[in-house]
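Inspection log for the structure reproduced underneath, given as structure tokens.
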Amino acid sequence: MEQTTAMPMAATSKAELLKADAELFCHTFAYLKSMALNSAVKLGIADVLQRCGGAASLSKLLSAVPLHPSKRPYLCRLMNMLAAAGIFTAEDVVPAASAPADGDGAPTTIYHLNTVSRLLVDGSSCMSLCVLLDTTDLFVSASLQLHQWLLSEEEGPTTGSPFMMVHGGSLYGVGSRDPEFNALFNGAMGATSKFIAALAVRECSQVFTGITSLVDVAGGNGTMARTIAEAFPRVKCSVLELPQVIEGISHDGTVELVAGDMMEFVPPADAVLLKHVLHNWSDEDCVKILRRCRQAISHGARAGKVIIIDTVVGSPSHQMLEAQVTMDLAMMMLFNGKAREEHNWHKMFMEAGFSHYKIHNVLGMRSLIEVHP
Ligand SMILES: C[S@@+](CC[C@H](N)C(=O)[O-])C[C@H]1O[C@@H](n2cnc3c(N)ncnc32)[C@H](O)[C@@H]1O
């Protein structure tokens, strides 16, 4: 008797099924995209293209990227994958009819920097350190145990997130013991800050108007506070950070540096900034931090404000939303923290004693939120 084998989901057309197969294949190997990006940063490919005027043929790239001679044939494979992913742009140029006769007439591929890869070029908005941090062994090994963490019942100081479960302590604990990781983490945070700070002071200058003092709580290496101090010279800026971070910052006098624990004390100021801080913490801890911030801004005759730069999940753009939920999963994996939707923020603000807030959606996947007592 003849037997027919049912195709998965009979109603799905062959074209849809094959598209789904290709899509699943790409999702499954998506880590190769991350690692190809990591390699491109380590090989300095974006900088080479920049030195070549923004574009170069494979042979020009090969003459500048220090590969082992036996590996020269492989560079185009890396570049083609990164170009297909949209990180570089590949253009096939057909040789002119007058080209030397020894050419085989095959098109030459020219690789161009584009908006994405320009963010990898050494300079003021370089995000290469973020790529290296986000693809570091410590993060990748933790993400490989996501399922184990989800299956495990226990939750404690060393198992609260996949990162803690795998590395036996919090990310900041590991940072205090591992100077190389600490420097990479703080450098990467500083790189994002440079990029975001420039946009925030330009797009939301009214938020900083009238403020005479600002403390950047958990302000990393001080990049954000320095940008604000430079853009608004009348604002006296300081940074509150853990001692291990303060130790690594060179004092240039632009901002005051305060070593301390934000859970215990926040120095008084007209405004408190919390950039990329609250997504590391549980709702309970966030309310505690926000209460400390409310005390800090309530010292003068007129109440100040808390300025938050963080994710408000729910962008109408599919790409931004994907970035926001990726941020959420990353925060879960690293800290058991989370990226929050507006109703989550609202609840925390009210619990911490604030009366109103305003969200400025001007920073792409992130937002700036002004919170008032
Ligand atoms: C994700 S980073 C963001 C740094 C900075 N705000 C930025 O956007 O670049 C979070 C920061 O919180 C700091 N931090 C963690 N626990 C802290 C605490 N208890 N008191 C003060 N800072 C703390 C860390 O050292 C780290 O620099």
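Overview of results
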| quantity | calculated |
| --- | --- |
| Any hit, region 239-247, residues being surrounded by fewer than 22 Cβ atoms within 10 Å (Cβ to Cβ) and either in contact (Cβ under 8 Å) with a residue 40 or more places away in the chain or not assigned by TED's automatic domain parsing to the domain that holds F185 (or both) | yes |
| So A183, is it over 12 Å from the mean Cα position of the chain (by Cα), among the small types (G, A, S), surrounded by 14 or more Cβ atoms within 10 Å (Cβ to Cβ) and more than 21 Å from V272 (Cβ to Cβ) | yes |
| Residue in region 270-279 that is over 30 Å from V325 (Cα atoms) and among the small types (G, A, S) present | no |
| Residues within region 255-282 that are assigned to a loop (DSSP other than H, G, I, E, B), open to solvent by less than 60 Å² (accessible area, probe 1.4 Å) and within 12 Å of the ligand (Cβ to nearest atom), tallied | 7 |
| Qualifying position, being assigned to a helix (DSSP H, G or I), open to solvent by less than 10 Å² (accessible area, probe 1.4 Å) and more than 9 Å from the ligand (Cβ to nearest atom), among A188, A229, A200 | A200 |
| Residues satisfying the stated conditions in region 291-320, i.e. within 16 Å of the ligand (Cβ to nearest atom), assigned to a helix (DSSP H, G or I) and either of a type in the set (S, T, Y) or surrounded by fewer than 22 Cβ atoms within 10 Å (Cβ to Cβ) (or both) | R291, R292, Q295 |
| Single condition V239 does not satisfy, out of (1) within 13 Å of the ligand (Cβ to nearest atom); (2) in a helix (DSSP H, G or I) | (2) |
| Cross-chain or 6+ apart pairs with Cβ under 8 Å, region 78-94 first and assigned to a strand (DSSP E or B), then at pLDDT below 95 | A90/T109; E91/T109; D92/P107; D92/T108; D92/T109; V93/P107; V93/T108; V93/T109 |
| Single match in D252, D285 (criterion: open to solvent by 40 Å² or more (accessible area, probe 1.4 Å), more than 12 Å from the ligand (Cβ to nearest atom) and assigned by TED's automatic domain parsing to the domain that holds S355) | D252 |
| Only one of A323, A330 that is open to solvent by less than 70 Å² (accessible area, probe 1.4 Å), more than 14 Å from the ligand (Cβ to nearest atom) and out of contact with any strand residue (DSSP E or B) (no Cβ under 7 Å at 6 or more places or on another chain) | A323 |
| Which numbered condition M332 misses (of (1) at negative phi; (2) without any contact (Cβ under 8 Å) to a residue 60 or more places away in the chain) | (2) |
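The values are calculated or read from the model by the stated rules, or taken from the named source; none is laboratory data. Treat the numbers as computed from the prediction; the structure is a model and nothing was measured. Reconstructed Cβ throughout: ideal geometry from the backbone, glycine too, with neighbour counts over all protein chains shown. SASA here: full protein model, heavy atoms, side chains in, ligands and nucleic acids out. Shrake-Rupley method; radii C 1.70, N 1.55, O 1.52, S 1.80 Å.
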